[in-house]
Each structure stands twice: as structure tokens, then as C-alpha cells.
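Here the structure is laid out as C-alpha cells; the discussion comes afterwards.
The values are calculated or read from the model by the stated rules, or taken from the named source; none is laboratory data. Bear in mind the structure is a predicted one, so any value in this text is a computation, not a measurement. For neighbour counting, all protein chains shown are included, and Cβ atoms are generated from backbone atoms with ideal geometry for every residue, glycine included. With ligands, DNA and RNA removed, areas are computed over all heavy atoms of the protein, side chains included. Shrake-Rupley method; radii C 1.70, N 1.55, O 1.52, S 1.80 Å.
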Amino acid sequence: QVQLVESGGGLVQAGGSLRLSCAASGRLFRVNTMAWYRQAPGKQRELVATITSDHNTNYADFVKGRFTVSRDNAKNTAYLQMNSLKPEDTAVYYCYAAISLTWNGPTNYWGQGTQVTVSS
């Protein structure tokens, strides 16, 4: 069984920081692209950042310069360092990973979500 377990969410004041973690576990062959999404109440889920297995990254415009996505391939873990947080960053943050169980193509997996609340 493969799963993604997220942690690191919480309540923080505007201007503060949080670091989210997403660990893939179980019988897996390779963790390919990982990504972070977020969804605020009444809004669609939106892409925050992506990171490939060779550490190429992409960011949504609204987090550039504030958030940093990284990964530790030895631990099959992705991170999202969130600095200079704003109240509009409040959302449930979801981890995504494309995971190969064999030599065949990858399967999509999602974390359970972690709440990030930024107070003004």
C-alpha cells in the first residue's frame, strides 16, 4: 500500500512561516513529480508549486518569492517552505505525487490535506 502523509499545517500570524512535509511510503519503485495544491472554501483547487525528481521547480505567481518547494529523494519526501504568509494563503494544502510501483507508468496519489490558517 502506497500513501502520502502530510504534516506541518497550523495557525500562524500574517508574515509568519510554516513548513509542510509530504512523505510517500509503502511498496513503491519511484516517486516522480510531486506538487502542492491548495483549496480555500468556495474556491477551486489551485496549483501552488511542482517539483520533478531532478529538482526542477515551478511556482504559481501568487507564491513566487515567498514559497519554496524542495524534496529529499532518499526519504521520498517533499516540502513546502512558506514564508511571508498572508491571510489569503489560508486554505487546505494538498500534496500530490506521481508514483511508479513498477517499471510501468506512474499512478496519481494525493495526501489527506493539511489546514493552513493565516490570521491578520
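Could we say that residue 104 is open to solvent by 80 Å² or more (accessible area, probe 1.4 Å) and not in a loop (DSSP other than H, G, I, E, B) here? In short, no. Confirm whether residue 69 is touching a helix residue (DSSP H, G or I) at 6+ places or on another chain (Cβ under 8 Å), at pLDDT 95 or above, closer than 27 Å to residue 15 by Cα and open to solvent by less than 50 Å² (accessible area, probe 1.4 Å). Against the criterion (touching a helix residue (DSSP H, G or I) at 6+ places or on another chain (Cβ under 8 Å), at pLDDT 95 or above, closer than 27 Å to residue 15 by Cα and open to solvent by less than 50 Å² (accessible area, probe 1.4 Å)), residue 69 does not qualify.
Evaluation of residue 12 against the conditions (1) in a loop (DSSP other than H, G, I, E, B); (2) of a type outside the set (Ser, Thr, Tyr); (3) open to solvent by less than 70 Å² (accessible area, probe 1.4 Å); (4) under 16 Å from residue 118 (Cα atoms) shows that the sole unmet condition is (1). Within the stretch 28-56, the residues that satisfy the criterion of being in a loop (DSSP other than H, G, I, E, B), open to solvent by 80 Å² or more (accessible area, probe 1.4 Å) and either in contact with a strand residue (DSSP E or B) (Cβ under 6 Å, 6 or more places away or on another chain) or within 13 Å of residue 106 (Cα to Cα) (or both) are 29, 45.
When the criteria are applied in full, residue 64 meets the requirement of being free of Cβ contacts under 8 Å to residues at least 12 places away in the same chain and surrounded by fewer than 18 Cβ atoms within 10 Å (Cβ to Cβ).
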